[in-house]
1. Once each part is reduced to its C-alpha centroid, what is the distance from region A:51-92 to region B:117-158 in angstrom?
2. Which entries in the list A:Lys490/A:Lys512; A:Lys364/B:Lys29; A:Lys288/A:Lys632; B:Lys141/B:Lys161; A:Lys364/A:Lys685; A:Lys260/A:Lys564 go over 32 Å, if you measure between the two C-alpha atoms of each?
3. To check my understanding: the extent here is largest minus smallest coordinate of the Cα atoms along each principal axis. What are those three numbers for region B:35-121, in Å, largest first?
4. Run the simple label-point estimate for A:Asn749 and B:Lys104 please: 7 Å along Cα→C-beta, distance reported in nm.
5. What is the spin-label model distance, in nm, from A:Thr491 to A:Val86 if the labels are put 7 Å beyond Cα along the C-beta direction?
6. Just in region A:631-731: which trypsin sites (Lys or Arg not before Pro) are loop by DSSP and have at most 16 other Cβ atoms within 10 Å?
7. Take the alpha-carbon positions of the protein assembly as shown, form their convex hull, and give its projected area averaged over all directions (one quarter of the hull surface) in nm².
8. Can you give me the convex hull volume of the Cα atoms of chain B, divided per residue and expressed in Å³?
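Taken together, the values in this text are just the output of simple stated rules run on the coordinates, not laboratory data. What you see is a predicted model, and the numbers here were worked out from it, not measured in a lab. For neighbour counting, all protein chains shown are included, and Cβ atoms are generated from backbone atoms with ideal geometry for every residue, glycine included.
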Amino acid sequence: MRLRAFYVYLFFLMVSSLSLWAQTKHTITGSVRAKTTGESIIRASVTVVGQHIGVTTNDYGFYSLTLPDGKYTLLISAVGRQPQTVDILLTENIQLPTLLEEQGSQLQDVTVTARTKGRSIQSAQMGVEHITTKEIKNIPVLFGERDVMKTLQLLPGVQAAAEGNSGINVRGGAADQNLILLDEAPVYNASHLLGFFSTFNSDAIKDVTLYKGDMPAQYGGRLSSVMDVRMNDGNNQDFHVNGGLGVISAKLNAEGPIEKGQSSFLVSGRRTYVDMFTRLSSDSTKNKNSLYFYDLNAKLNFTLSHRDKLFISGYFGRDNLSNADIFGINWGNATATVRWNHTFGPRLFSNTSLIYSNYDYKLKFSNNGSQFGVTSGLRDFNFKEELQYYPNPRNNIRMGVNAIYHTLNPGVLNAGGPKSGVNDTSFQKRYGLENAAFISNDWKVTDKLNISYGARVTAFSALGKGDFYTVNVAGQVTDTLHNKDGGIVKTYFTPEVRASFSYQLGGASSIKASYAGNTQNMHLLSTSSGGFPTDRWVASNNMIKPERSHQVSLGYYKNLDEDKYEITVETYYKALENQIDYRDGANVVSTGTIETELLYGKGRAYGIEGMLRKKTGRLTGWIGYTYSRSQKKIDGINNGDWYNAVQDRPHDISIVGMYKLNPKWMLSATWVYNTGNAVSFPSGKYQADGRTVYYYSERNGYRMPAYHRLDLGATVQLKQRKHLSSELAFGVYNAYARNNAFIITFRDNKDDPNKTEAVRTTLFSIVPFISYNFKF
Amino acid sequence: MRTKVLSVGMTFAIMILMGCQKVINLDLKDDAGKYVIEGNITNLAGPYTVTISLTGKVSNDYVFNGVDHATVVVGDNTGNSETLQEKTQGVYQTATLTGVEGRKYYLSVTLGDKHFTATSVMPHQVPFDSLYIEQEDNWGKIVKTVVPVFTDPFGKGNSYKFNQTINGNLDKTLYYENDDFTDGKESTWSLLRPDPDSTLHLNDQVKVEMQCIDSAAYKYWYSMDQSSTGNGNGLPSNPVTNIQGGALGYFSAHTSQTRSIIVK
């Protein structure tokens, strides 16, 4: 009831904010694009000079600005682009396409002057980070493989899942609580080679936005964060090829117009070649094995009319890990998105998306000369319709619907030949229908006060033929529902409210506050922290309830010294419900009744994040510090007491510096420090059947040693030839060769088995890298 | 079996990615003095043994720290029952009891005001047919291993454990399996040690014990292997015991057959 009253209130708030204007008004619409490539620019700002009025472009570079008739000067600007001013006389609706020139030229587009806008202190949006691929370029990373996710890890509130790993934990959230979207398609396993690389080839990526909390209402389905990755559209002016050769991988990217200025294509591919080196090894434990990945991004876009644009994009990636004879696993994602932009008149923008996403893995084994295999995966069909309505410069309304049909295949074992010693076995598939509707408004109440508010309602239905189990607290099946007709087994309705406001204080500073509710119906069951390909996704059903979260945050933002510096401080508290964990000794792979292996409880995460950023000058970069905690309380684990989640790492520091020595040379350094993971170490030992067994008195009661590392990098522009520009990037990962602990294990001493040794495994000591990148 | 292969795969990936290992000193909390009960009943002639001991510090050498003056009773579902005699400190033995396939066994341990109980059903014996030596590829190295051969009877619910002794030394690898995926099949899984350098050599004497265990015992060995052997594969925790009352350890009634082979 209270909720309904709130919605009624919300409705009136929305209607009242659309108050009619007395004067005659007309609308300026347009798209903002890059001059040299024709790429649409996201979040470009279009402001009326001399007034506190403006809009920013949406994900397709589109904007709409309705003003009373009159003379105006518009300032159009974007990160890393030369701003443009346009004088207009508004007496009728105007179309104003804008092409912005880049600052700097071609490959050496080092963004020293970038980010002049940086984090908006006006917008009500909190907890958001934007990254363009230009910013990724100069930050040194493992093997020199530029990676957007590893760059994100250097920001406050975002942590690496493990050493060298591209997985992220955002504000104490689990790895599966990040909604990772590639051109709107959810990517279920965003890592390659067991986590050392992300699935995002930086050549094909235009823009990445990470919401660490306070997600806008158009996003839903995960508790901790939304990472919205947008691919390049492809250059619609000229044909270009660029590529790179690195220590472990090579990549090539081709793009160009299909019809100049109207349509374009992009194809981008990448493959690692570590396996080619290991095959040269004389050591048979190395040369018979293979370990590689490849991926492919492709995109087409067409201008159908001045009101219609069509985008078709796809991703395909595959990893392969195998030993010649006995074992092999390959896994990967495939996504495809078809989007249609349509403008219904100057103030209403529509985007319709059809999205496909698939993740699967295949295991191959050999026994007794016979091969057998296991296949498992997950597939989504997804429809999305979103409208953006720009009634006046003070309001931007978004509304939409989304329907996703999930199919989960927990596993099919194909016995192969009669001698393999196993039987054909298959676990029942699971199906889910996830429907959502949302509405939100960004409302500029006054020049100083912005309010953003919205609501999202999700209905998740577990359906389909199959057996659904009722499981008691002891983990035993007490009842089985045979859903023969394939209808709905259980539906969960979860309303979510999102609201935030910002208020500008004097002296280029502002405060913001927000609340966001979230729901998650797809859950990843994992025993590893690094995202193992066989980790299992499950959907909400009669036993597994939707995970919920409620996050409140408060922030302070200040720009200093004429916007050269920026200070951000954000603090948050997140309450989590229906969190899932494995029972002790759970059978994690080979069970059809996974519900018997699970326990449910609650969680909490809180912290404070601070960042000082230098945005201009020869030296740019930032210092970030985070204090955060993440804990769980689940009956049946740790005697039902609160315990630290694996990702609980209270202190986290990152320092990133980029120095432009001269137009040719760019130097960079990053240093990171964090408290070790929470981990379970033994507190005693005994023997069972002659084997040493360790005794654990509590869950995650210990910590790994603190982690710290310095990376150094340099990029030099090589001599420019007529059509070819190229650069060399090199550096070292872990420059002072810190032996960071990846894992600590315990074993019997070889000479005296009654003694126990603790063994620290370090993955990477000092690792130099070099890569060559070219463009013509 | 499958999870084992997977975890080996993970280790292998780390190996390729230049992992380096070092023995370090760790300051661990000492939560000593937990009761550990280990009881085995077999279809072979007795006496059968139940041991009661206390956990020790991780940093200390392992010693069997037996607990005396316990009242230990073992019985079966046909009315046999016997109080065990303490032979040495913490080691309690039966005198008359006979293990029989298909019977359910009860364990009761009383220590002052503490009381622990457990039950275990001795499965029907599945014949252990033979042993042979084969060469196989262990992550790139050709190694010699031994293969125990038996045929799983039709109908799910059979579980097995193997102990391998090479030249009198117990191989501490845990070998266990159930018939979730292998129901009714002839089993030819080798006893492959995870270390690629582990191979059998000419004239090695290999003795293999095959146990038919119940599902609770399978769960114990499975969960011990997954989470309690310190190898870091899963989430560390204590094995899932079938002993009620808060003790560590297990009570297992199982059949036992042994075959031997000399590596040629």
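1. The distance from the Cα centre of region A:51-92 to that of region B:117-158 comes to 75 Å.
2. Beyond 32 Å: A:Lys490/A:Lys512; A:Lys364/B:Lys29; A:Lys288/A:Lys632; A:Lys364/A:Lys685; A:Lys260/A:Lys564.
3. Principal extents (largest minus smallest coordinate, Cα): 44, 29, 21 Å.
4. With each label point 7 Å from Cα toward Cβ, the separation is 4.7 nm.
5. Result: 4.7 nm between the two label points.
6. A:Lys664, A:Lys719, A:Arg721, A:Lys722
7. Seen from a random direction, the Cα hull of the protein assembly as shown projects 44.0 nm² on average.
8. Value for chain B: 150 Å³ per residue.
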